[in-house]
1. In the chain, if the dipole is taken from +1 on Lys/Arg beta carbons and -1 on Asp/Glu beta carbons about the Cα centre, which of Gln323, Val300, Ala354 is farthest to the positive end?
2. Which residue, His221, Pro188, Ala66, has the largest displacement toward the positive end of the dipole of the chain when charges sit on each Cβ (Lys, Arg +1; Asp, Glu -1)?
3. Could you give the size of the charge dipole of region 197-300 about its Cα centre, using +1 on the Cβ of each K and R and -1 on the Cβ of each D and E, expressed in debye and rounded to the nearest 20?
4. Once phi is turned into θ = phi - 60°, what whole-Hz ³J(HN,Hα) does the Karplus curve with 6.51, -1.76 and 1.60 give for every residue of region 124-132, x standing for Gly and Pro?
5. Where the centroid of each part is defined by its Cα atoms, how far is region 29-58 from region 331-369 in Å?
6. Show the residues, 5+ positions off or on another chain, whose built amide H is closer than 5 Å to the amide H of Phe137.
7. How about region 52-154: which GluC sites (Glu not before Pro) there lie in a loop by DSSP and see at most 15 other Cβ atoms within 10 Å?
8. Using θ = phi - 60° and the Karplus relation 6.51 cos²θ - 1.76 cosθ + 1.60, list the HN-Hα couplings for region 235-244 in order, rounded to whole Hz, with x at every Gly or Pro.
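None of the figures in this text is laboratory data; all of them are computed from the coordinates on show. Quick caveat, the model's predicted, so the values are computed rather than measured. Ideal geometry is used to build each Cβ from the backbone, glycine not excepted, and the neighbour counts take in all protein chains shown.
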Amino acid sequence: MSNYTPSPANKFTFGLWTVGNPGRDPFGEPVRDAISPVEIVHLLAEVGAWGVNFHDNDLVPITATAAEQDKIVRDFKKALADTGLVVPMATTNLFTDPAFRDGAFTSNDPEVRAYALHKTLHAIDLGVELGAGIYVFWGGREGTETDSGKDPVEAGKWFREAMNFLCEYVRDQKYDLKFALEAKPNEPRGDIYLPTTGHMLAFIETLDHPEMVGVNPEMAHEHMAGLNFTHAVAQAWDAGKLFHIDLNDQNFARYDQDFRFGSHNLKQAFSLVRFLEDVGYDGPRHYDAHAYRTSDLEDVKAFAAGCIRTYLILKEKAEQFRQDAEIQALLAEVKADDGAMDHLRGAYLPEKAAALKGHSFDRVALGKRGKPYERLDQLVVELLLGVR
Ligand code: GLT
Ligand code: MN
Ligand code: MN
């Protein structure tokens, strides 16, 4: 049995905005004191995180002067050096400021679109200065409440134009930086463009440099849309586009809850961890979550430690799944293949199509073949409940 101690190889990260979340919600004021970026770095080191991510304005307030920015960055670098934490990812806040009330890259106002680019160019420089190799784009305001005032095709073109511009900037600067697009179906806009990871994957292929751009799927966001997160992640992985991942949890069909990883859908969390570990995903495992509004600072630490510990426990359970003879026997049974169909499958050949058309299938017999998924799933449930 492991003692569930995180190691740098697990690449567990948190955003400044996650453990730093003061517990404000649309109906209530903050319940916790603000903690400075330096304090957050130390808190994260204490719970065993490997890295810390930030939006430009999580680190440097939007009103800061150049001299203030220099001091903040210096202090932050010192905290990183003192703790050994790294910054693998950075991003831009393109949603809090009132200027972005109608979107950033997709605002109907060309001056706002230009300002969004200006802000992102500076934020990319800051991220790279602190070591980020991944740059996330979450377009919280890129959407509408009413489709009467904005053309979705035009908005998509503006978003593409912005991504192409920023990719060229990164190439021009010779930065070693990849982009990761994060989807969310709604909130804070009534409807957000490119609402799922699948939409993002299709959009990426329309860019000038698709090789520089991947996705940052978030568990809660796919669950808000009622989708299977592991399937979204698997599609991204298969496309070579799983550049980053936002781990958290969420009840289906609710607001963006950003709960502690594994706190709600343990089975989905297990299936995800098993997938990531089986395929050998080696990017950051980022917790984009925050503690309940009822938490005090001690409880925030328990929240962060819990995210990490649950992942490591599920990783151990995934290994147990691989070692479990009964589970593996059932898997072998459901995937049994005696090779009888080998000559009829694989790449197309005219002879194969002719052979397939001529083959006689016993449709009724095929319909009588069951699969023991109930038995298999019960074994998985018992494994997760700790009785296997
Ligand atoms: C915000 C959002 C997250 C994004 C963050 C990055 S900001 O908290 O809800 O899902 O990942 O912009
Ligand atoms: Mn979220
Ligand atoms: Mn996220």
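1. Result: Ala354, furthest along the dipole toward the positive end.
2. Positive-most Cα among the choices belongs to His221.
3. Values: 7 positive and 17 negative charges, 69 e Å.
Here region 197-300 has a charge dipole of around 340 debye.
4. Calculated HN-Hα couplings, in order: 5, 4, 5, x, 5, 4, 8, x, 5 Hz.
5. After rounding, the separation between the Cα centres reads 56 Å.
6. Hits under the 5 Å cutoff: Ala180, Leu181, Glu182.
7. Working: sites: Glu68, Glu111, Glu129, Glu142, Glu145, Glu154; in loops: Glu142, Glu145.
Here the GluC sites (Glu not before Pro) that fit, given the DSSP loop and packing criteria, are Glu145.
8. 5, 5, 4, 4, 7, x, 10, 7, 7, 6
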